[in-house]
Amino acid sequence: MSDQENDLLRLMQQDDNAENMYLTFDVAGEEYAVNISYVTEVVGMQKISEVPDVPAFVKGVINLRGKVIPVLDMRLRFNLPGREYTERTTIVVLELQGVPTGLVVDQVTDVLTIAAENVSPPPRWQGRGESVVSGLGRREGGVSILLDVPRLLSEKDLREDLAGLSQVAAEAAVGMKGEGKRDKGQTPAAGG
């Protein structure tokens, strides 16, 4: 998305009807939507730095204009087969409780207004815990699967992990700037 499109996104977030506005995106042929109030920007694919000891769907972190942001692959998050990223693959940056998180999606499709009366509750499957689906938005031409962003980013304390990952990555980036300098309290290697 261009800077002009991101500016338009910001204007839409300030709209009085923002609670009914959704950014829609495609993941494996299905249309998902997140409330626009969580979206800070939409960017093309960036270099993702892998981070060890995180769930497989956490692809790593990106450096977006000096801000380190954890990135989740939505295909893997939904237990779908992964695929190679293409020129259409996009990162949707959300912010929840001050923690930015990027979602890798197959492509962003639209910004829609879905009135509350056109939202059906999500199906409840027996034996399944809380769903990341907050509802099904009926619209002309189909249905958008509305995602509950707090649940999407908080399952099994994921939000705390993402916040910690952001902090660690940011500290590492600062440390890299001073490469060659020793941190306070760091001891020299044995024999050195």
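The values are calculated or read from the model by the stated rules, or taken from the named source; none is laboratory data. In this text, all values refer to a predicted model and were calculated from it rather than measured experimentally. All Cβ positions, glycine included, derive from the backbone under ideal geometry; neighbour counts span all protein chains shown.
One residue stands out among those in segment 32-49 that are of a type in the set (Val, Ile, Thr) and not in a strand (DSSP E or B): the one that is farthest from residue 64 (Cα to Cα), which is 36.
Any residue at all in segment 114-130 that is in contact with a Lys or Arg (Cβ under 7 Å, 6 or more places away or on another chain), in a loop (DSSP other than H, G, I, E, B), surrounded by fewer than 19 Cβ atoms within 10 Å (Cβ to Cβ) and at pLDDT below 90? Within segment 114-130 (the criterion being in contact with a Lys or Arg (Cβ under 7 Å, 6 or more places away or on another chain), in a loop (DSSP other than H, G, I, E, B), surrounded by fewer than 19 Cβ atoms within 10 Å (Cβ to Cβ) and at pLDDT below 90), the answer is yes, since at least one residue qualifies.
To keep it simple, each residue is scored yes or no on (1) buried (at least 16 other Cβ atoms within 10 Å of the Cβ); (2) over 16 Å from residue 36 (Cα atoms); (3) out of contact with any strand residue (DSSP E or B) (no Cβ under 8 Å at 6 or more places or on another chain); (4) of a type in the set (Gly, Ala, Ser).
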residue	(1), (2), (3), (4)
56	no, yes, yes, yes
94	yes, no, no, no
112	yes, no, no, no
138	no, yes, no, no
142	no, yes, no, yes
146	yes, no, no, no
150	no, no, no, no
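Residue 143 falls short on exactly one of the conditions (1) of a type in the set (Val, Ile, Thr); (2) in contact with a helix residue (DSSP H, G or I) (Cβ under 7 Å, 6 or more places away or on another chain); (3) at pLDDT below 95, and that condition is (2). Among the candidates 60, 102, the residue that is at pLDDT below 95, of a type outside the set (A, V, I, L, M) and not in a loop (DSSP other than H, G, I, E, B) is uniquely 60.
Output the residue which, of all residues in segment 73-92 that are at pLDDT 95 or above and of a type in the set (A, V, I, L, M), is surrounded by the most Cβ atoms within 10 Å (Cβ to Cβ). Taking the candidates together, the pick is 91.
Looking only at segment 67-80, filter to residues that are in contact (Cβ under 8 Å) with a residue 24 or more places away in the chain and part of a loop (DSSP other than H, G, I, E, B); which one of those is nearest to residue 54 (Cα to Cα)? The extreme case among them is 78.
A quick yes/no check of all residues on (1) at pLDDT 60 or above; (2) under 18 Å from the mean Cα position of the chain (by Cα); (3) surrounded by 15 or more Cβ atoms within 10 Å (Cβ to Cβ); (4) not hydrophobic (A, V, I, L, M, F, W, C):
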residue	(1), (2), (3), (4)
15	yes, no, no, yes
19	yes, no, no, yes
24	yes, yes, yes, yes
33	yes, yes, yes, no
38	yes, yes, yes, yes
45	yes, yes, yes, no
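Take segment 49-69 and flag every residue that is under 14 Å from residue 90 (Cα atoms) and touching an Asp or Glu at 6+ places or on another chain (Cβ under 9 Å). The answer is 59, 64.
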